[in-house]
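J.: Sharing a structure here in structure tokens format.
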Amino acid sequence: MESTFHIPTAAEMLANGETPDLLFWVGCAGSFDERAQRITRDICKILNHVGIKYAILGTEEGCTGDPAKRAGNEFVFQMQAMMNIQILEGYAIKKIVTACPHCFNTIKNEYPNLGGHFEVIHHTQLIQSLIDEGKLRPADGHAFQGKRITYHDPCYLGRANEVYEAPRKVLETLDADLIELKRCKSNGLCCGAGGAQMFKEPEPGNKDINMERTEDIIASKASIVAAACPFCMTMLRDGVKLKEKEAEIQVLDIAEITARANKL
Amino acid sequence: MISQVIFFCLLIFALLFFAKNAGRIYRNIKLGKAENRSDRPTERLKIMTLVAFGQKKMFKKPLPALLHLFVYVGFCIINIEMLEIVIDGVFGTHRVFSFMGSFYNFLIFAFEWLALAVLLSCAVFFVRRNMLHIYRFGGRELLKWPKTDANIILITEILLMAAFLGMNAADYKLQMLGHAPYHLAGAFPVSQYLAIILPDSAQTLVAIERACWWFHIVGVLAFLNYLPLSKHLHILLAFPNTYFSKLAPKGKFENMPSVTAEVKAMLDPTLPAPTAEISRFGVKDVQDLTWKNLLDAYTCTECGRCTAACPANITGKLLSPRKIMMDTRDRLEEVGINIDKNKVFQEDNKSLIDDYITREEIWACTTCNACVEQCPVNINPLEIIMGLRQYAIMEESKGPASVTAMFTNLENNGAPWKYAQADRANWTNT
């Protein structure tokens, strides 16, 4: 699927003597993971639709260092962080939006101490504010009307930063049948990928964490589970697949739901 | 007179012994690294008031919260009764506060109901812990001593409350008999029914009243000195521990300043390399933890709400955040004994990592903060797990192979996966 619009980089903007009002921090998953790329494109569609002057860093972006830090490698984390801060400051970036709660948490909480002061929001928060401003509203007869939808809280958005309402706001506009999982909000259950688990095999146990979480989703009888993190997306999709529930349960990011409901 | 002397000696001895043990614990906590947790006092007071005094986080689980509230309020208020017992004991008076008249009657009335509530709550706790199969009471770390410890506490509280009510029952009956010095004082909504089963002889009643009185006060003094050896220490440490809570968002993990200096020197060759000797990266043993981590360990009451919410534990992995806290306390006690014996710490070829906490445990953590969220007294097991990971990676270069490969990818490509930096924006033209 080719983008019908141009996605500007900060470097291009600078060449034209401009600075973006908002930098879209794509993140490694959003850049390289095929499934997450679809979320990335939908965020660009939303940004384009509402006419925000945004840019990405493109090839200049590097991992925030979150997986290194949570795995105990402070050196690699700080190297990544300082290089990123230099680049962001080079483009005079003030405000950042990101689709990854891990990037969001790291830039928001751990960069300031290293000299990187940016206003960081998660894409669900951006979407919430766009809904509040009336710039996004579901089109008539959108795909989610009457659907049974639930939401899985990512740890690094929810418990770690107490963002619980913004993603739910999106679902509330849909005129759908919303349900909460047995474990939700501050009591939410991890998808199993945080703390660098995404990059290693789980320790031996009775089952994998994403299967435990998938059971919560199956028990909720939802046909759509909304995610807000590319890691959760991978883990939940794997879980649904292994439980052979792909025909019944769809995993969609809040950005994808927004883009579809607004027919973007 | 002789009983006054015995009482006074007992009281002084109990208090001195407690002070000595409290001092030892304070010394052990001070073995931790410095950390400033005294900023924003108003916010801290508010957290302490809500979480420790107000039991806010307990109410995530309403039934145990309510029972715990009875025990807690009962404990706090019965201390007023304790004050009377101590004064009576030292000066040989009887019910010295009874001059307050109807207010005194009200106090005794309230204490009686509270004592009954404490007794019944502890009985329910005992049944829950030993007979019902509640997930958080089943961890392997609770076998042996911790299980006994919990039961000792519950049985002691039941006995202390029974003694309190028994004392009142005998007193009430003696008051009815007009037996000096048992003058009319107090209201006995619970123990008046207990009095029915007591014998009618004044001598026997006096013996029962005195025996219960002594059992109660000696029990309380003994219990005071049991605290430093037990998980029950939370009744005291919950207050400072919540006051010194982490105020930053849960997702914020502190950056290591020693690393910052080195990384800056690496990125900018014009900067001089830091000269100061770095003692250690991460946590190998308890002395590498902060004093707050150590205070956490002493505050932990092993309730297991952390473990019951831990995704790794729920799915059968070895990690239990409660065990992390218990191991830290056990190792700290061991280090403390070592210091007591040798004046300074003598190397014992043991450490928190490996001898107490295994690698498998620390690598099973998803850093999801569920344990931190659940703890009713704001303990943070995650900081300890992270410290141990930092030691394993930065001091020993020992970690899961896939994790080390991920570091290499980050260093070479700026992404945790093996994709070229140049391909990072390919999604824009697919």
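The values are calculated or read from the model by the stated rules, or taken from the named source; none is laboratory data. No experiment lies behind these values; they were computed from the predicted model shown. Here Cβ is always computed from backbone atoms with ideal geometry, including for glycine, and neighbour counts include all displayed protein chains. Please note that ligands, DNA and RNA were not included when accessible areas were found on the heavy atoms of the full protein model with its side chains. Shrake-Rupley method; radii C 1.70, N 1.55, O 1.52, S 1.80 Å.
J.: Using a basic spin-label model with each label point 7 Å from the Cα along Cα→Cβ, how many nm lie between B:Tyr26 and B:His179?
T.: 4.5 nm
J.: Here is a follow-up. Translational diffusion coefficient of the stretch B:186-233 at 20 °C, 1.002 mPa s, Stokes-Einstein with Kirkwood Rh over Cα pairs, in µm²/s as a whole number. Let's see the in-between values first.
T.: Details: Rh = 13.0 Å.
The Stokes-Einstein estimate is 165 µm²/s.
J.: For the stretch B:236-384, what % of the accessible area comes from carbon and sulfur atoms, probe 1.4 Å? Write out the running numbers ahead of the final one.
T.: Numbers: 3050 of 5460 Å².
It is 56 percent, rounded to a whole number.
J.: In degrees, nearest 10, range 0 to 90: what is the angle between the Cα axis of helix B:202-226 and the longest Cα principal axis of chain B?
T.: Here the helix axis deviates by roughly 10 degrees.
J.: Is there a pair in A:Lys182/A:Lys207; A:Lys207/A:Lys243; A:Lys147/B:Lys317; B:Lys30/B:Lys61 whose C-alpha atoms are over 24 Å apart, and which pairs would that be? Could the numbers behind the result be given before it?
T.: Values: A:Lys182/A:Lys207 19 Å; A:Lys207/A:Lys243 13 Å; A:Lys147/B:Lys317 36 Å; B:Lys30/B:Lys61 34 Å.
In this structure, A:Lys147/B:Lys317; B:Lys30/B:Lys61 exceed 24 Å between Cα atoms.
J.: Right, here's the next one. Please list, by residue number, every one of the trypsin sites (Lys or Arg not before Pro) in the stretch A:1-59 that is coil in DSSP and has at most 13 other beta-carbon atoms within 10 Å. Show your work: numbers first, answer last.
T.: Working: sites: A:Arg35, A:Arg38, A:Arg41, A:Lys45, A:Lys53; in loops: A:Lys53.
Answer in residue order: A:Lys53.
J.: On to the next question. Using modelled backbone amide H atoms (1.01 Å from N, in-plane), which distant-in-sequence or interchain residues come within less than 5 Å of B:Lys317's amide H?
T.: Sorted by chain and number, the residues that satisfy this are A:Asn206.
J.: Would you mind estimating how fast the stretch B:232-362 diffuses translationally, via Stokes-Einstein at 37 °C and 0.692 mPa s with the Kirkwood radius over Cα pairs, in µm²/s? Don't skip to the answer; put the middle values down first.
T.: Numbers: Rh = 17.4 Å.
Approximately 189 µm²/s, per Stokes-Einstein.
J.: Rg and Dmax of chain B, using alpha carbons, in Å: what are they?
T.: Taking only Cα atoms of chain B, I get Rg and Dmax of 27.4, 99 Å.
J.: If you don't mind, there's one more thing I want to ask. For the stretch B:90-153, which trypsin sites (Lys or Arg not before Pro) are in a loop by DSSP, counting at most 13 other Cβ atoms within 10 Å?
T.: Values: sites: B:Arg95, B:Arg128, B:Arg129, B:Arg136, B:Arg140, B:Lys144, B:Lys147; in loops: B:Arg95, B:Lys144.
Those that pass, being in a loop and sparsely packed, are B:Lys144.
J.: Go ahead and set up a Gaussian network model of chain A, Cα springs under 10 Å, then flag whichever of A:Leu181, A:Leu189, A:Leu14 fluctuates most.
T.: Judging by the Gaussian network model, the answer is A:Leu14.
J.: Also: If I model a spin label as a point 7 Å beyond the Cα along the Cα-Cβ vector, how far apart are those points for B:His133 and B:Glu43 in nm?
T.: Here the answer is 4.5 nm between the modelled labels.
J.: For the protein assembly as shown, what proportion of DSSP beta bridges, expressed in % and rounded to the nearest 5, is antiparallel?
T.: Details: 0 of 22 bridges.
Approximately 0 percent, going by the DSSP bridge assignments.
J.: Need one value for B:402-408: mean number of C-beta atoms belonging to other chains within 10 Å of its residues' C-beta atoms. Walk me through the numbers before you get to the answer.
T.: Working: counts 5, 10, 3, 2, 10, 10, 1.
The per-residue average across the peptide is 6.
J.: Peptide B:372-385: average number of partner chain Cβ atoms within 10 Å per residue? Intermediate results must be reported in sequence, preceding the final value.
T.: On the way: counts 2, 8, 2, 0, 0, 0, 0, 0, 0, 0, 2, 0, 0, 2.
Across the residues of B:372-385, the mean count of other-chain Cβ atoms within 10 Å is 1.
J.: If you don't mind, there's one more thing I want to ask. I want to verify a result. In a Gaussian network model of chain B, Cα cutoff 10 Å, which of these has the top mean-square fluctuation: B:Cys76, B:Cys365, B:Cys310?
T.: B:Cys76
J.: Pairing the Cα long axis of helix B:2-29 with the longest principal axis of chain B, what angle in degrees results, from 0 to 90 and rounded to the nearest 10?
T.: With rounding to tens, the tilt is 10 degrees.
J.: Here is a further query. Compactness ratio of chain A: Cα Rg over 2.2 N^0.38 Å, N = residue count?
T.: With N residues counted in chain A, Rg over 2.2 N^0.38 Å equals 0.99.
J.: What FRET efficiency do you get for B:Glu254 and B:Gln192 if R0 is 56 Å and r is their Cβ-Cβ distance, rounded to the nearest 0.05?
T.: Values: r = 59 Å, r/R0 = 1.05.
With R0 = 56 Å, the Cβ-Cβ based efficiency is 0.45.
J.: Cβ under 11 Å from A:Pro101's Cβ, A:Pro101 left aside: what net charge do those residues give with Lys, Arg +1 and Asp, Glu -1?
T.: Details: positive: A:Lys108, A:Arg159; negative: A:Asp66, A:Asp153.
Cβ neighbours under 11 Å give a net charge of 0.
J.: Keeping every protein chain present and rolling a 1.4 Å probe, give me the accessible area per residue for the protein assembly as shown in Å².
T.: On the way: 29440 Å² over 694 residues.
About 42 Å² of surface per residue is accessible.
J.: In square nanometres and to one decimal, what's the mean projected area of the convex hull around the Cα atoms of the stretch B:163-216?
T.: Numbers: hull surface 12.8 nm².
Orientation-averaged projected area of the Cα hull: 3.2 nm².
J.: Among DSSP beta bridges lying fully in the stretch A:10-128, give the percent that are antiparallel, nearest 5.
T.: Details: 0 of 9 bridges.
Among the beta bridges of the stretch A:10-128, antiparallel pairing accounts for roughly 0 percent.
J.: Still on this structure, please answer the following. For the stretch B:1-37 and the stretch A:19-54, what is the centre-to-centre distance using only Cα atoms, to the nearest Å?
T.: First find each Cα centre; the distance between them is then 61 Å.
J.: Plugging the Kirkwood radius over Cα pairs into Stokes-Einstein for the protein assembly as shown, at a temperature of 4 °C and a viscosity of 1.567 mPa s, what D comes out in µm²/s?
T.: Numbers: Rh = 28.5 Å.
Calculated translational D: 45 µm²/s.
J.: Could you work out how far the C-alpha centroid of the stretch B:383-430 sits from that of the stretch B:221-244, in angstrom?
T.: That distance is 42 Å.
J.: Can you list the HN-Hα couplings for the stretch B:74-90, worked out from phi with the Karplus curve (6.51, -1.76, 1.60; θ = phi - 60°), rounded to whole Hz and with x for Gly and Pro?
T.: So the J values, rounded to whole Hz, are x, 4, 4, 7, 5, 4, 5, 4, 4, 4, 5, 4, 5, 5, 4, x, 6.
J.: Let me ask another. Using 10 Å bins from zero, what percent of all Cα-Cα pairs in the stretch B:1-124 falls into each bin?
T.: 11, 22, 31, 27, 9, 0
J.: State the Cα centre-to-centre distance between the stretch B:118-144 and the stretch B:279-313 in whole Å.
T.: Rounded to whole Å, the Cα centres lie 23 Å apart.
J.: Can you pull the mean other chain C-beta count within 10 Å for peptide B:243-252? Each step should come with its number before you reach the end.
T.: Values: counts 0, 0, 0, 0, 0, 2, 7, 10, 18, 9.
For peptide B:243-252, the averaged partner shielding equals 5.
J.: Count charges around B:Glu334 for me, please; just the other residues with Cβ under 9 Å from its Cβ, Lys/Arg as +1, Asp/Glu as -1.
T.: Details: positive: B:Arg331, B:Lys350; negative: B:Asp330, B:Glu333, B:Asp348.
Charge balance near B:Glu334 sits at -1.
J.: Continuing with the same structure: Take chain B, connect every pair of alpha-carbon atoms lying under 10 Å apart with a spring to form a Gaussian network, then pick out the residue of B:Met176, B:Met100, B:Met256 with the largest mean-square fluctuation.
T.: B:Met256
J.: For the stretch A:126-211, which GluC sites (Glu not before Pro) are both in a DSSP coil and crowded by at most 14 other Cβ atoms within 10 Å?
T.: A:Glu133, A:Glu162, A:Glu180
J.: If each of A:Gln86 and B:Phe99 carries a label point 7 Å out from its Cα toward its Cβ, how far apart are those two points in nm?
T.: So the two model labels end up 7.9 nm from each other.
J.: Under 13 Å from the Cβ of A:Asp253, count the other residues' Cβ atoms, weight Lys and Arg +1, Asp and Glu -1, and hand me the total. All intermediate terms of the calculation are to be shown ahead of the outcome.
T.: Working: positive: A:Arg35, A:Arg38, A:Arg41, A:Lys45, A:Arg237, A:Arg260; negative: A:Asp33, A:Asp42, A:Glu256.
Within the 13 Å Cβ shell, the charges total +3.
J.: Every cysteine in chain A with no other Cys Cβ under 4.7 Å from its Cβ, please list them in numeric order.
T.: If one checks each Cβ against the other cysteines of chain A, A:Cys28, A:Cys44, A:Cys63, A:Cys184 turn up with nothing under 4.7 Å.
J.: Let me ask another. Nearest 10 degrees, 0 to 90: what angle lies between the long axis of helix B:257-267 and the longest principal axis of chain B (Cα atoms)?
T.: Computed tilt is about 10 degrees.
J.: Could you work out how much longer the chain between B:Ile12 and B:Thr408 gets when fully extended? Use 0.36 nm per residue separation minus the Cα distance between them, nm to one decimal. Present the calculation step by step, with values, prior to reporting the outcome.
T.: Numbers: separation 396, 0.36 × 396 = 142.56 nm, distance 6.32 nm.
Computed gain between B:Ile12 and B:Thr408 is 136.2 nm.
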